[in-house]
Amino acid sequence: MSNWEILWQARDEFLIGFWRTLEIFGLSIAGAFLIGCGLLYLLEGSRKRLTMPLRIFIDAMRMLPFLILVYLLYYGLPSVGIRLDAWWTGVGALAVYHGTYFAEIFRSNRLTFPPGQIEAAKAHGFTKSKMFFRLILPQVIMQTRPLLGNQLIYALKDTAFLVIITVRELTAVANSLSSTYFIPTEAFIVVIGFYWALSVAMEIIIKQCGRFSAKRGFDNV
Amino acid sequence: MSEANTSETAAVSIRHLSKSFDDVEVLRDVELEVKTGEVVTIIGSSGSGKSTLLRCINWLEKPDRGSIHIAGQRIGVHDDGRAMPVRELAKVRAKTGMVFQGFNLWPHLNVLHNVTEAPIHVQGKSKREAEALAKALLDKVGMSHKHDSYPNTLSGGQKQRVAIARALAMQPTVMLFDEPTSALDPELVGEVLAVIKDLSAEGYTMVMVTHEMAFARAVSDQVVFLEKGLIIERADPETFFTTPKTDRVRKFLENHDTPSPA
Amino acid sequence: MSEANTSETAAVSIRHLSKSFDDVEVLRDVELEVKTGEVVTIIGSSGSGKSTLLRCINWLEKPDRGSIHIAGQRIGVHDDGRAMPVRELAKVRAKTGMVFQGFNLWPHLNVLHNVTEAPIHVQGKSKREAEALAKALLDKVGMSHKHDSYPNTLSGGQKQRVAIARALAMQPTVMLFDEPTSALDPELVGEVLAVIKDLSAEGYTMVMVTHEMAFARAVSDQVVFLEKGLIIERADPETFFTTPKTDRVRKFLENHDTPSPA
Amino acid sequence: MNASAWQMLLEGAWTTVWISAVSIAIGVLAGLVIALIRLARIPIVDQLLVLYISVARATPLVTLALFIFLSAPDLGLDFNRSVAGILALTLNTTAFNAEIWRSAFRNFSREQREAAMATGMTPWITFRRIMLPQMVITSLPGLINEMSFLIKGSPAIAVIGIVDLTRVTNRISAVTYEPLPPILVAGALYMMVIGCLIWLQRIFERRANRLAM
Amino acid sequence: ADLEEIQERGYMEVATEDNYAPFNFIENGKAKGFNADFEIRQSILPWTGLLAAVSNDQYDMALTGASVSDERLRVFNYTPPYASAQHFYIKRAGDERLQSVADLSGKTLGVQAGSVLLSRLPELEKMLEERGGELGEVVEYASYPEAFADLANGRLDYVIDSAVPVNTLVASKPDVFAKGQAVSGAGYVSWPIPKDSPELLAYMTDFLEHMKETGRLAELQKKWFGESFPNLPDEPLTSVEQFHELAGLDG
Ligand SMILES: Nc1ncnc2c1ncn2[C@@H]1O[C@H](COP(=O)(O)OP(=O)(O)OP(=O)(O)O)[C@@H](O)[C@H]1O
Ligand SMILES: Nc1ncnc2c1ncn2[C@@H]1O[C@H](COP(=O)(O)OP(=O)(O)OP(=O)(O)O)[C@@H](O)[C@H]1O
Ligand SMILES: [Mg+2]
Ligand SMILES: [Mg+2]
């Protein structure tokens, strides 16, 4: 039996792993996006009393390796009596972790937002939330598109760390196959293929969105 | 309360307005009354406080003292000194339409949506109603053919005309213009001034800061000269431009009529 | 070779210059000769090709046909049609100094270093020598007190004066100005025009695009009117402004002397 | 945890730091070189680089590290494991850095470049004296972000036997059967290292204000 | 590489682990454990890449507590076993629900991903079915410390590991963990050597033979595993059939 044949026989496992990776990734980036927007809204023109702790939280998340965050949530919380389910721990940790990154990306873009547009909105009688959701957020998102694309790739790769908390996603499947049959090269070529396909798909989507913002002069690509 | 009475009849009524930035007094005890249908031009040298005065009118800048009424309603604070809640402030603000030097169109919305955005989301108009109004206004400023273009594809003059339509769409009591043509190429100035002139002919109430003396003379009912935050001269345009009372204004007009090297 | 002969005496000599962008001819067979010490003003409406012509002179834009000589030396291509190598091109370019509408100072360098950067790294001057020259030039444009400020802390007029000093620091044969005052507030225009006027009085050779008619009239030796890439009129300023030959120029001057609503 | 556990943790932290530092230094420079080469748009070379960047960005580090370490002998190369680890980290981070530098190039003000050319600067002098100093400042947030991801992703190279900070925590917990305390300490050490980077970024952010004209 | 090449080189390169007590682990910064008492040039690798690296000829052999399995015999020969790898379950100390193998029915089980223990789970499944039960949920861990942590905090009901590590764990934490009964037939731990090095296998077999004769092996086993395994086979393991026969598999 050649190495490739072994892998072919394990194709169902791979597909299930891939599907689970997709599921985790999709759910968690959707969550991360909402968290990022929420944090930006909270940072928007709030008092220092609120923004300081938020900024500290965001920076702390940026400093902490994802692996360790997951580890602490999954193996650490039980020691204070909280026992989370592996799958939801993974999705939740990814969402919060990358949510803070989204927030930081949005925030640094928000800093360069032309004040004139805000004034124009105020002069037209916009309230804070209307202004945020109708005018600020759409532009911030359009302008940070390339950075968000990068972040998505980081998030995709972080899903692989969930092996450590027993989530059977794509990398876990490959690990287990390769350590049962020690065929790492072949198993990992397949995995790289899957991840690559996913990130190429993302790049294409992001590029397509680029047309949308290029029309509005946000992109000189 | 005499104050409330006079402001009821005026579109804008400014009383004892003062404002400082970091201990520098930028506006000092300014009084100004704009009647409905009147066009008031504010002129003065750079840094004299023109923009600040205009921005106080719709509370983009918070004055230190004094009161401002728009169509009889006080903006920013209640008479008893309580600050206005943001929602209420936004409502009073919507009675003014402001046109900025830098246009400040919202780049992610096309021309039509720039104009309909506030009527729909601030005034709660239906989409259909707002679009009908927007199309009429874009027609008025000669921009209806561009209604689905995005701001980045427009020339400066076109942008400014859209900005005017956008401000008009809120059907404001008074229009505020802050140097609406000074960011434009000389050849684009004309088209914007033409639109503003039309508006004045239609009886819109307007307060305008401008450097275009000839234009100010042609459209104003009242000209106000600011110097270091003080109104040092106010008159009808004929008097103001031909027989200014103070030396300062005379010197200013000399410098401005024919721009020449220092 | 008569061509080479004439260009030897002239600071800039342009022959049969044509240039298209995407099939649109922006310059058509332009001929222009600028003598040493002469000030030539190029005017024309927006899009007529003024900037393009100026940018061809120092090869920021590559013309399609024609030749340009600067102080007798051909720029961009050799007479036998070979393209010039970048180093050689840079050397010829250094004979021109260009001042842009948007100043284009380098924001990471302070005022002094903006001026000394090219003399040190292009001409290989010593630091001391370059700084002495830079200080003298900053003095000339009235900016020596700001030599260690960074560009972001300067006003528009100050930036433009530094940009002029920067161009002068290469001791160019000819200075090129592309609307040097049109990005400035009306009150800052004067200070820049004053500097340019001084330079013309000192005998610098200059080619300038401007919208300031009064100024063009005061400093030029020759005025050139461009329309759709063609030079349709050229004359001394007196003749040009008082008795223009074509209707087009007459109409243009009417629009520009007293800006008024359309 | 006893004293030797602490010592092991510190040694692990040192390994993480020096291997990351070397990879970061090489990766930042190599990224710049690749960005420059891509500007030239040399036919085939450009497509190859695009392919490299796309694959390298998508490949998880664990996979890449194992791959390099295991297939090196097949290719007749004799790597020591640190070299293999650094190579894996570098291949990965270079791809990201190349994109960061390239966007800095593309966003660089055309006007400023023209102003440089107009004073007679050659393209090389323009790049070195005018563009690079500003690009360093404008790309720094992106570069630092990538650096922090590299450090955070570096535990992956433990799979080829490099004893980095995370691996040390495994070693300790394999004996004590108590994974939590060393993980907490390791987390704190990581935060200190990456905190330094973020602090550096804040300092540069202030200088960046100057470029905002 | 085969023996000839190794002799030429003058040393043997072996791969070993750092977190699989008591076979190999790191204590006070020094490699310790049964295997470390031989004087050989060793490199420490995590389990994930270890056998793969040996099978790729990165190393001459794996000097680690590798259990024998069908899949591994595809690529490796094994030296004569030096320890038993019969599988036992571990439960929380004081967990009264689990008294015998039959009680494991339907309970959540933790085991290392890709390990031999996983591949021999069918034996447990059969035992349970014979007793009218069924195998519960199986959770795979990247490594054992995490599995033990989850056993301690109650996410798992039991963990399966082979005899030697189970003894060590229970000895070091008697108040947390307790050893259960065997859940598989016989199993062996020994050193894997790539199939393309038969002479090295012979050499190592001789070496172990020598150790056994001198009693040194029993000494080391006692020291590190707490018991010497006198009933282990004496020949190297080279084929699946041989292994099955020795371990009494295929019933
Ligand atoms: N937000 C601010 N903080 C501090 N000082 C300010 C602020 N806004 C304006 N100023 C100062 O207040 C003075 C008046 O400014 P203002 O913008 O009203 O002048 P202006 O008459 O509109 O001038 P210009 O013709 O140049 O637009 C200036 O000295 C300015 O520096
Ligand atoms: N890089 C380019 N690509 C395509 N078209 C261009 C480019 N640069 C200029 N043009 C076109 O060439 C024409 C002449 O442009 P140019 O900038 O020379 O005009 P100008 O006389 O300087 O106008 P203005 O007074 O507005 O600066 C315009 O129609 C312009 O759109
Ligand atoms: Mg102003
Ligand atoms: Mg131009």
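The values are calculated or read from the model by the stated rules, or taken from the named source; none is laboratory data. Note that this is a predicted model, so its numbers are computed, not measured. Neighbour counts run over all protein chains shown; Cβ positions are idealised from the backbone, glycine included. Just so you know, the surface numbers come from the protein's heavy atoms only, side chains and all, with ligands and any DNA or RNA stripped out. Shrake-Rupley method; radii C 1.70, N 1.55, O 1.52, S 1.80 Å.
Numbers below:
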| item | result |
| --- | --- |
| Among residues of region D:128-144, those that are free of Cβ contacts under 8 Å to residues at least 40 places away in the same chain, surrounded by fewer than 23 Cβ atoms within 10 Å (Cβ to Cβ) and touching a Lys or Arg at 6+ places or on another chain (Cβ under 9 Å), counted | 1 |
| Conditions (1) open to solvent by 20 Å² or more (accessible area, probe 1.4 Å); (2) in contact (Cβ under 8 Å) with a residue 24 or more places away in the chain; (3) farther than 30 Å from E:GLN99 by Cβ: number failed by E:LEU208 | (1) |
| Selection within region C:139-156 - away from ligand 3 (no atom under 16 Å from the Cβ) and part of a helix (DSSP H, G or I) | C:ASP139, C:LYS140, C:SER144, C:HIS145, C:LYS146, C:PRO151, C:ASN152, C:THR153 |
| Residue satisfying all of: in region E:1-22; closer than 30 Å to D:THR176 by Cβ and of a type in the set (Gly, Ala, Ser); modelled with the lowest pLDDT among these | E:ALA21 |
| Test: A:VAL70 is in a helix (DSSP H, G or I) and either in contact with a Pro (Cβ under 6 Å, 6 or more places away or on another chain) or within 14 Å of chain B (Cβ to nearest Cβ) (or both) | no |
| Failed condition for D:ALA188, given (1) within 14 Å of chain E (Cβ to nearest Cβ); (2) over 20 Å from the mean Cα position of the chain (by Cα); (3) more than 29 Å from E:ASN167 (Cα to Cα) | (1) |
| Condition broken by C:ARG82, with the remaining ones in (1) of a type in the set (D, E, K, R); (2) under 24 Å from C:VAL24 (Cβ atoms); (3) out of contact with any strand residue (DSSP E or B) (no Cβ under 9 Å at 6 or more places or on another chain) satisfied | (2) |
| Qualifying residue in region E:193-205 (condition: surrounded by 18 or more Cβ atoms within 10 Å (Cβ to Cβ), farther than 21 Å from D:GLU178 by Cα, within 14 Å of another protein chain (Cβ to nearest Cβ) and not aromatic (Phe, Trp, Tyr)) | yes |
| Filter pass, A:TYR75 being closer than 21 Å to D:VAL193 by Cα, at pLDDT below 90 and either open to solvent by less than 20 Å² (accessible area, probe 1.4 Å) or over 20 Å from the mean Cα position of the chain (by Cα) (or both) | no |
| Subset tally (residues that are without any contact (Cβ under 8 Å) to a residue 12 or more places away in the chain and open to solvent by less than 30 Å² (accessible area, probe 1.4 Å)) for region B:137-185 | 0 |
| Whichever residue in region C:180-224 is of a type in the set (Ser, Thr, Tyr) and away from ligand 4 (no atom under 16 Å from the Cβ) and, among such residues, is nearest to the chain's Cα centre (by Cα) | C:THR205 |
| Residue satisfying condition, being assigned to a helix (DSSP H, G or I), aliphatic (A, V, I, L, M) and more than 14 Å from chain C (Cβ to nearest Cβ), within set D:MET117, D:MET135, D:MET147 | D:MET147 |
| Neighbours by Cβ (under 9 Å, 6+ apart or cross-chain): first from region C:201-214, more than 27 Å from C:VAL249 (Cα to Cα); second open to solvent by 10 Å² or more (accessible area, probe 1.4 Å) | C:ALA201/C:VAL219; C:GLU202/C:LYS140; C:GLY203/C:THR36; C:GLY203/C:GLY37; C:TYR204/C:GLY37; C:TYR204/C:PRO172 |
| Hits in region B:109-125 (condition: among the small types (Gly, Ala, Ser) and either touching a Ser or Thr at 6+ places or on another chain (Cβ under 9 Å) or more than 10 Å from chain A (Cβ to nearest Cβ) (or both)) | B:GLY124 |
| Scope region C:70-119; condition among the small types (Gly, Ala, Ser) and farther than 18 Å from D:PHE127 by Cβ; matching residues | C:ALA71, C:GLY72, C:GLY76, C:GLY81, C:ALA83, C:GLY97, C:GLY102 |
| Filtered residue count, region C:237-259, keeping only those that are within 11 Å of another protein chain (Cβ to nearest Cβ) and either under 28 Å from C:GLN171 (Cα atoms) or among the acidic types (Asp, Glu) (or both) | 1 |
| Region C:118-133, subset in contact with a helix residue (DSSP H, G or I) (Cβ under 7 Å, 6 or more places away or on another chain) and without any contact (Cβ under 8 Å) to a residue 12 or more places away in the chain, residue surrounded by the fewest Cβ atoms within 10 Å (Cβ to Cβ) | C:LYS127 |
| Checklist (1) away from ligand 4 (no atom under 16 Å from the Cβ); (2) away from chain D (no Cβ under 14 Å) applied to C:LEU89, failing item | (2) |
| Residue in region D:197-210 that is at pLDDT 90 or above and either polar (S, T, N, Q) or open to solvent by less than 50 Å² (accessible area, probe 1.4 Å) (or both) present | yes |
| Residue count for region C:128-184, restricted to those that are among the hydrophobic types (A, V, I, L, M, F, W, C) and within 16 Å of ligand 2 (Cβ to nearest atom) | 4 |
| Hey, E:PHE88 surrounded by fewer than 24 Cβ atoms within 10 Å (Cβ to Cβ) and among the aromatic types (Phe, Trp, Tyr) or not | yes |
| Subset tally (residues that are within 24 Å of D:ALA174 (Cβ to Cβ) and open to solvent by less than 50 Å² (accessible area, probe 1.4 Å)) for region D:1-29 | 9 |
| Filtered residues of region D:159-178 (kept if touching a helix residue (DSSP H, G or I) at 6+ places or on another chain (Cβ under 7 Å), in a helix (DSSP H, G or I) and of a type in the set (A, V, I, L, M)) | D:VAL159, D:ILE160, D:LEU165, D:VAL168, D:ILE172, D:ALA174 |
